[in-house]
1. Quick one: how many residues across the range 25-37 are surrounded by 12 or more Cβ atoms within 10 Å (Cβ to Cβ) and over 20 Å from Leu2 (Cα atoms)?
2. Can you list residue pairs whose Cβ atoms sit under 7 Å apart, with the first residue in the range 30-56 being part of a helix (DSSP H, G or I) and the second being surrounded by 10 or more Cβ atoms within 10 Å (Cβ to Cβ)? Count only pairs 6 or more apart in sequence or on different chains.
Amino acid sequence: MLVLSRQLDESIMIGDNEVITIVDIRGDKVRLGIEAPQEIPVHRQEVYEAIQREGRHSVGNAPIL
């Protein structure tokens, strides 16, 4: 894991097309702005995990043809 320090309005580049910008800092909360191509899904981890669980559940219940 790469750990970086950033201040308000500073950014981090991931590859050539993804930019993460610190847009707000309030107490112990940091708000991030994420710019990425539309074909790259961006989710909070808990949402991603729910999507993965639902995907496995759907595959498990798919009708056999």
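1. Going through the range 25-37 one residue at a time, the tally reaches 1.
2. Every condition considered, the pairs that remain are Ile51/His43.
Computed from the coordinates by the stated procedures, all read-outs in this text should not be read as laboratory data. Small disclaimer: the values here were computed from a predicted structure and weren't measured. Every residue, glycine as well, gets a Cβ built from its backbone with ideal geometry; the counts of neighbours run over all protein chains shown.
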